[in-house]
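Novice: So that we are looking at the same thing, I have put the structure below in structure tokens.
Computed from the coordinates by the stated procedures, all read-outs in this text should not be read as laboratory data. As the structure is a prediction and not an experimental result, all values here were calculated from the model. Positions of Cβ are backbone-derived with ideal geometry, glycine not excepted, and every protein chain shown enters the neighbour counts.
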Amino acid sequence: MVISIREGQIADTQECAQICFDAFRAVAEEHNFQPDFPSVEAAVRVVSVMLEHAGFYCAIAERDGEIIGSNFLDERAEIVGLGPITVRRQVQNEGVGRLLLADALERSDRREAPGIRLVQAAYHGRSMALYLKYGFEIREPLAAIKGTLRRMEVPDHHVRTVETSDLEACDQLCRSIHGFSRSWELQDAISAGSARLVEHRGRVTAYTTNIGFSGHTVGRNSTAVMALVAATDRIRGPGFLLPLRSTDLLMWCLEHGLRIEQPLSLMSRGTYRKPQGVYLPSIAC
């Protein structure tokens with residue numbers, strides 16, 4: 001049967017979430033890791049947010065009227081975030097993932113996105129090979145960090161909720177580190193009540209949309225990011241993503257009871273500027 005690609009709709013939520021949950025669980029258990037989604041309900045919450053948000057593009061792969069896979073693009077910034085690409089287990093390794101990836105790249109090229117980024121499970125060799133074949137490069141080794149951290153204060157670093165009036169200062173910080181704006185993502189986090197920032201001597205030195213898989217964090221130095229992590233009430237999802245080159249931050253996490261859950265890779269295609277400060281990428285980068 002011919003495989004067709006169409007744009008996703010809210011009515012696709014349950015079926016896409018089930019495929020997503022099954023695919024991630026199968027790969028994780030095959031390699032003795034914990035699945036990214038603890039339940040189908042958790043996958044439904046994530047998928048529904050992306051399908052309902054104007055800043056995300058969803059592609060649905062169908063064969064003979066049956067949904068067999070999906071992919072998402074986070075288009076809230078000029079650098080696009082790719083994934084997750086997931087395929088129904090019964091038709092994996094039949095080229096569905098390649099079609100979904102090709103559709104995403106074609107759309108991004110048509111929209112003239114300067115770059116695309118993704119975070120990939122480093123233990124999954126097949127998906128890494130697929131991205132490499134389509135022109136992606138490995139930029140950073142990452143670790144998902146999880147655990148229970150006793151809340152504490154970092155001296156002289158005040159953590160508070162991000163207000164709308166803080167957008168400009170946070171945006172300037174993000175641009176100085178990443179080279180592009182992520183203000184739409186930050187506005188979403190402000191609306192959700194999850195955005196936090198750090199002030200040090202009257203200056204914004206770090207902010208986060210949330211400490212977890214779906215949130216990104218930027219900071220002028222490791223101490224500012226430590227303050228955000230130390231002040232969080234919980235680490236969301238499978239953990240927050242930490243570049244392994246941030247040795248001081250990594251060791252601080254391990255010394256305070258957090259643990260490494262799994263290895264991941266930050267990959268990109270097109271324009272890429274190495275971050276100029278301390279950062280924690282989101283799963284969509």
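Novice: If you line up the long axis of helix 167-178 against the longest principal axis of the chain, both from Cα atoms, how many degrees apart are they, to the nearest 10?
Specialist: The helix 167-178 is inclined about 70 degrees to the chain.
Novice: Round to the nearest 10 and give me the degree value, 0 to 90, for the angle of helix 40-52's Cα axis relative to the longest principal axis of the chain.
Specialist: For helix 40-52, the angle is close to 90 degrees.
Novice: Please check which bits of the range 1-28 a label hung off A42 would reach, taking the label as a point 7 Å along Cα-to-C-beta and the cut-off as backbone N under 16 Å.
Specialist: Residues 17-28 fall inside that zone.
Novice: Which angle between 0 and 90 degrees, to the nearest 10, do you get for helix 96-110 versus the longest principal axis of the chain when only C-alpha atoms count?
Specialist: Value to nearest ten degrees: 60.
Novice: Still on this structure, please answer the following. How far apart, in nm, are two points set 7 Å out from the Cα along the Cα-to-Cβ line at R175 and at N32?
Specialist: Roughly 4.9 nm, to one decimal.
Novice: Just want the ordering: K146, K133, from fewest to most Cβ atoms lying within 10 Å of their own Cβ.
Specialist: Values: K146 21, K133 10.
Ordered from fewest to most neighbouring Cβ atoms within 10 Å, K146, K133 come out as K133, K146.
Novice: Counting other Cβ atoms within 10 Å, keep those with at most 14, restrict to DSSP loop, and tell me which trypsin sites (Lys or Arg not before Pro) in the range 221-278 are left.
Specialist: On the way: sites: R234, R236, R245, R259, R269, R273; in loops: R234, R245, R273.
Sites meeting the loop and neighbour criteria: R234, R245, R273.
Novice: With springs connecting C-alpha atoms under 10 Å apart, model the chain as a Gaussian network and identify which of L118, L99, L73 has the largest mean-square fluctuation.
Specialist: L99
Novice: Continuing with this model, one more query. Figure the gain on full extension for T271 and R259 (residue separation times 0.36 nm, minus the Cα-Cα span) and round it to one decimal in nm.
Specialist: Values: separation 12, 0.36 × 12 = 4.32 nm, distance 3.23 nm.
Full extension of this stretch gives 1.1 nm more.
Novice: Pick from P38, P238, P141: which residue has the top mean-square fluctuation in a GNM of the chain where Cα pairs under 10 Å get a spring?
Specialist: Looking only at P38, P238, P141, the largest GNM fluctuation is found for P38.
Novice: Something else about it: Normalised by the residues of the range 133-202, what does the relative contact order come to in percent, with Cα pairs under 8 Å and at least six apart?
Specialist: Working: 40 pairs, mean separation 28.8, N = 70.
That works out to 41 percent.
Novice: Fewest Cβ neighbours within 10 Å first, please rank H53, H178 accordingly. Don't skip to the end; give the middle numbers.
Specialist: Working: H53 16, H178 21.
With the fewest neighbours first, H53, H178 line up as H53, H178.
Novice: Further question on the same structure: Using a Gaussian network model on the chain with a 10 Å cutoff between Cα atoms, which of E29, E52, E62 fluctuates the most?
Specialist: Comparing E29, E52, E62 in a Gaussian network model of the chain, the most mobile one is E29.
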